[in-house]
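Chemist: Got a structure here, written out as C-alpha cells. Questions coming.
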Amino acid sequence: MREHEGWAEVCGGAASTVPPAFPLFATADLRAVIGDPGRRLRALRAGGRIVTIARGIHVAVPDGADRAWLPGAEETGWRVAAARFGLEAPYVSGLTAASLHGATPRSSAFIHVTVPRQTRARRLDALGALVEFHTRDERVLGSPLWRLRRGDERTWGPDVMSMVGELGPFRVASPIQTVLDLLHSPWRSGSSERARDAVERLMRGVSDAEIDAVARGQRRHSAAERTRFQRLGRWVRDPDLRA
C-alpha cells in the first residue's frame with residue numbers, strides 16, 4: 001500500500017502498476033503514466049521528493065529525509081538490477097556482500113550484484129558508484145534431481161538472504177555463499193587480497209558441513225574444497241588454534 005501511495009505521489013495522482021523496484025524508478029516508467037515526464041521530474045527534484053542517481057534513473061526520497069539525503073549504494077545497485085530482472089533474481093554479492101556481513105570495510109565505489117544474464121556495468125553518478133554485474137543463471141545450477149531426491153532447498157541454487165535498508169528489503173548472498181563465490185573467482189571481486197581476508201573472517205562462524213550443504217547442487221564444489229586449504233593455512237599460521 002505504501003508503494004502505491006508513493007508512486008501515486010510521484011505521478012501526481014492515481015497511478016496503475018507500481019514499478020517493480022520502487023522507490024527506484026525510470027523516466028520511462030513515469031512516461032508510461034503521464035506522457036511527457038520532464039516538467040513533473042523537475043518539480044519533484046526541486047521539491048526534494050526525488051533524487052536522480054543516473055541518467056533516466058530516479059529514487060523517491062523517504063519521508064523525513066533531509067535535503068542532502070542519498071540512497072545507499074548497495075541497495076540502490078540491487079534495485080537497478082531488480083528493475084530489469086525482478087525482485088527474485090538479483091542479489092548483492094562478492095566483496096559488497098562481505099562488507100554488509102562485516103567481513104571487510106564498506107566501499108561505495110564498486111558495487112557487486114549478481115544477475116541472470118550478462119549486463120553492462122552501470123555508473124550511478126550521484127552516488128559516485130560503479131555497479132558491476134556478475135552473470136549467474138540460477139535456473140541451470142546443479143541438477144533438479146538433487147532437489148527431488150533430498151528435499152533440501154539449500155542444495156538448489158545460491159544461498160541468499162534478505163536485508164532491510166532505507167528503501168526496503170533487498171537480497172544479499174549469505175555469508176557461506178559469499179565465501180564460496182569469493183573462493184570460486186576472487187579476481188572478479190576487484191581485489192584478491194581483500195577477498196582472501198574477507199573469506200577468512202566469514203569462515204570463523206561457519207563449519208565445513210554448513211559450507212558443503214550450500215555448495216551441493218551448484219557449481220561451487222572446488223570452492224568448498226578450497227575452504228579446507230584456507231582453514232589449514234590459518235591453522236599453520238596461528239599457534240593458538242593448535243593449542
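Read-outs: derived from the displayed coordinates by stated rules, not from any lab. No experiment lies behind these values; they were computed from the predicted model shown. Note that we place each Cβ from the backbone using ideal geometry, even for glycine, and neighbour counts take in every protein chain shown.
Chemist: So if I take the alpha carbon set of region 75-130, get Rg, then get Rh from the Kirkwood formula, what is the Rg over Rh ratio?
Modeler: 0.95
Chemist: Something else: Compute the Rg/Rh shape ratio of region 26-107: radius of gyration over Kirkwood radius, all on alpha-carbon atoms.
Modeler: Details: Rg = 15.0 Å, Rh = 14.5 Å.
Expressed as Rg/Rh, it is 1.04.
Chemist: While we're looking at this one, here's another question. Convert each backbone phi in region 166-172 into a coupling constant with the Karplus relation 6.51 cos²θ - 1.76 cosθ + 1.60 (shift: θ = phi - 60°), then list the ³J(HN,Hα) values in order as whole Hz, x for Gly and Pro.
Modeler: Using θ = phi - 60°, the values come out as 5, 8, x, x, 8, 8, 9 Hz.
Chemist: If R₀ is 30 angstrom, what is the calculated FRET efficiency for the pair Asp125 and Glu9, using the beta carbon separation as r and rounding to 0.05?
Modeler: Efficiency, from the Cβ-Cβ distance: 0.75.
Chemist: Which far-off residues, 5 or more places away or on another chain, put their amide H under 5 Å from the one on Ile50, with H placed in the peptide plane?
Modeler: Arg45, Val61
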